[in-house]
Amino acid sequence: MKEILEQALESALSQLVRDGVVPADHGVEVRLTRTRERDHGDFAANLAMQLARPARRKPREIAERLQAAFPTVPGLAAVEIAGPGFINFRLEESARFAVLQAIADAGPDYGRSDVGRGQTVQVEFVSANPTGPLHVGHGRGAAYGATVADLLAFCGFEVTREYYVNDAGRQMNILAASVWVRYLEKRGVALPFPANGYRGGYVHGIADDLSVLLGDAAAYPAEQVLQGLPPDEPQGGDKEAYIDALVNRAMDLLGPSLYRQFFDHGLNAILDDIRDDLAAFGVQYQSWFSERSLADSGAIDAAVALLQERGALYEKDGALWFRSTDHGDDKDRVVRRENGDYTYFASDIAYHREKFQRGFDRMVNVWGADHHGYVARVRAALNALGLDDGRLDVLLVQFAILYRGSERVQMSTRSGSFVTLRELREDVGADAARFFYVQRRCDQHLDFDLELAKSQSNDNPMYYIQYAHARICSVQRGATGRGLVAAAADGPEIARLTLMPEAELLAQLDRFPELVAAAALAYEPHQLAQYLRDLAAGFHAYYNAVPFMNAEEAELVSARLALIGGIRQVLANGLGLLGVSAPESM
């Protein structure tokens, strides 16, 4: 009904433009809002107030003309003017019940819309380095990105979910060297483990596999491995210099073929684990894009060459620099080091250029908040390439902070001491993790309360919502057992829903489609989480106040069964969009 009324008001405004009352270039958008008090009707518009200045007329005069030009709308009882020029719209009682028929007709598709009109959107999220299992910080980005993508798809966008696999560069080489050192231990070669290596137990597992696969083929004496290496941090040296020297030693001793086995075995083992972990978390991708493919295809060379051609690069101290300060960044950035290697930023430039080449209408990057300084340089590169950076939205997600009692748990992939997403799922369940991760704005800090997430109490918002769904299912089963059935959504019994809580619940149900669209367009899943919490609260209060199984009021019972059936469907639809199950019993 809100959309229908907005279209009708748009028609009335067009008539005023044709009559010369309002200039054609007024620049005002027609929008209705739901009223907070039913005394003011069901919907309101301040359009006349906004048109007063461009039309050079009093708001109330414009409101009266809009009222006179307003077309007939079935189900609309009155168009009223209030105060200096507000326009209120009051629905007929029968129109308020129409939402139950809409829910019955659409079922699991209620709330789906064509707001996106088929626009293509790529949502890239998580994209964690495949150097270890996903931790609870990655989990928030996974839940947030997946829910944003699902909301966009539900609202008519054609969505591609993508994971950018950082399968090239220094961190992957450090992983390969870490695996090699653990492999040497398995083969009886005693070496000090590098201070800057990856220490997690998963590295041992990968090394075990390679030990069985290769035997002693990649084993070298400790003296040969360590000869000439600089001191590591425990010996007073630089841990960065030491790990880089160890990587080079591994490359030299193993040769390209054997070294690639260590590199790829570590990469594939961890990437497979990440895929399985995310799938169990309800997160699926259409594309896993390889960073290495950018170099193999010449995409990095091509992007750098284009920047060079457009005068955006210069040489300094043997390195190649991007003039990012010309495009709003705080300093210029290196794209090729003195040794001829491209930087990670160069790969990122090529990757974003490749996104544009694939023709997406919009691109959404879901990054950790620690990447906030990276946004300006990426936008600068897009501008320098002649691409419209307005098609790229970068959403920064604050990492979740996990507490065990009063003790904050520290996370570090390199040290191996961290809480994984898998451990979190096993502790609180995937449903609780998915819901708790998105119940706040992504840019707000989240303290993840494990005990609350596991509790079966009204203080746990996910449990509260799921319990509302299960409670309705229980009522429906009880009604069936007593031979009571829900009224048809358009049946005459529905008119028996005359209580104020019933009217409020019907209005909440009617608001669901616009709420979903608003959450999708703003990339704000927390709007949906809060809506479901409010709807569940409304239902629980209604259930506790109203007798449902009064056999002497069969028509009223059937009408109320139809109402709570609509509530159950909307709760299920909303929970599904959040990646959370809707249990029928608890």
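Here are some notes:
- Net charge over other residues, Cβ less than 15 angstrom from the Cβ of residue 399 (K, R count +1; D, E count -1): +1
- Set the Cα radius of gyration of the range 1-150 against 2.2 N^0.38 Å, with N its number of residues, and you get 1.47.
- Per-selection metrics, the range 189-283 (Cα): Rg and Dmax in Å: 15.4, 49
- Straight-line reach from residue 2: taking Cα to Cα under 28 Å and skipping same-chain neighbours fewer than 8 places apart, the lysines in range are 58.
- Local electrostatic count at residue 363 - Lys and Arg +1, Asp and Glu -1, tallied over other residues with Cβ under 15 Å: -2
- Orientation-averaged projected area, Cα convex hull of the range 229-272 (nm²): 3.6
- Distant-in-sequence amide contacts of residue 35, defined by a placed amide H-H separation under 5 Å and a gap of 5 or more residues or a different chain, comprise 43, 44.
- Amide H partners (placed H, <5 Å) of residue 290, local residues excluded: 165
- A dipole drawn for the chain from +1 and -1 charges on Cβ atoms has a positive end, and of 418, 86, 400 the residue lying farthest that way is 86.
- Cα-based helix-to-principal-axis angle, 136-154 vs the chain, degrees rounded to 10: 40
- Surface composition of the chain: carbon plus sulfur atoms contribute 46% of the solvent-accessible area (1.4 Å probe, protein chains only, all chains present).
- Acute angle (nearest 10 degrees) that the helix 201-214 long axis makes with the longest principal axis of the chain, alpha-carbon atoms: 50
- When +1 charges are put on Lys and Arg Cβ atoms and -1 charges on Asp and Glu Cβ atoms, the dipole computed for the chain relative to its Cα centre reaches about 760 debye.
- Net charge, residue 60 excluded, C-beta distance under 15 Å - Lys, Arg +1, Asp, Glu -1: +2
- Label positions at residue 482 and residue 314, each projected 7 Å from the Cα along the C-beta direction, are separated by 8.3 nm.
- Across the chain, the relative contact order, built from alpha-carbon pairs under 8 Å that are at least six residues apart, equals 16 percent.
- Here the Kirkwood formula puts the hydrodynamic radius of the range 255-354 at 16.0 Å, using every distinct Cα pair.
- Accessible surface calculations at 1.4 Å, restricted to protein heavy atoms, place the range 435-511 at 49 Å² per residue.
- In degrees, nearest ten, helix 525-545 long axis to first principal axis of the chain (Cα): 50
- Only Cα pairs under 8 Å and 6+ residues apart enter the sum, and on that basis the relative contact order of the range 154-297 stands at 39 percent.
- Averaging Cα coordinates gives a centre for the range 359-406 and one for the range 514-565; these two points are 36 Å apart.
- Pair-distance profile P(r), taking every C-alpha pair of the chain, with 10 angstrom steps and integer %: 3, 14, 19, 21, 18, 12, 8, 5, 2, 0
- Scaled radius of gyration (Cα, divided by 2.2 N^0.38 Å) that the range 312-381 gives: 1.17
- Mean projection area, nm², convex hull over Cα of the range 1-85: 5.2
- Here the range 234-385 is assigned +1 on the Cβ of each Lys and Arg and -1 on the Cβ of each Asp and Glu. Its dipole about the Cα centre then comes out at about 420 debye.
- Scanning the chain for trypsin sites (Lys or Arg not before Pro) in DSSP loops with at most 14 neighbouring Cβ atoms within 10 Å leaves 118-309 as the longest stretch between them.
- Our estimate of slack between residue 406 and residue 208, defined as 0.36 nm per intervening residue step minus the Cα-Cα distance, is 67.5 nm.
- Between the range 1-62 and the range 227-266, the Cα center-to-center distance that results, in Å: 70
The values are calculated or read from the model by the stated rules, or taken from the named source; none is laboratory data. Please read all numbers here as calculations on a predicted model, not as lab measurements. A quick note on method: Cβ atoms are made from the backbone with ideal geometry, for glycine too, and the neighbour counts reach across all protein chains shown. These accessible areas exclude ligands, DNA and RNA; they are computed on the full protein's heavy atoms, side chains included. Shrake-Rupley method; radii C 1.70, N 1.55, O 1.52, S 1.80 Å.
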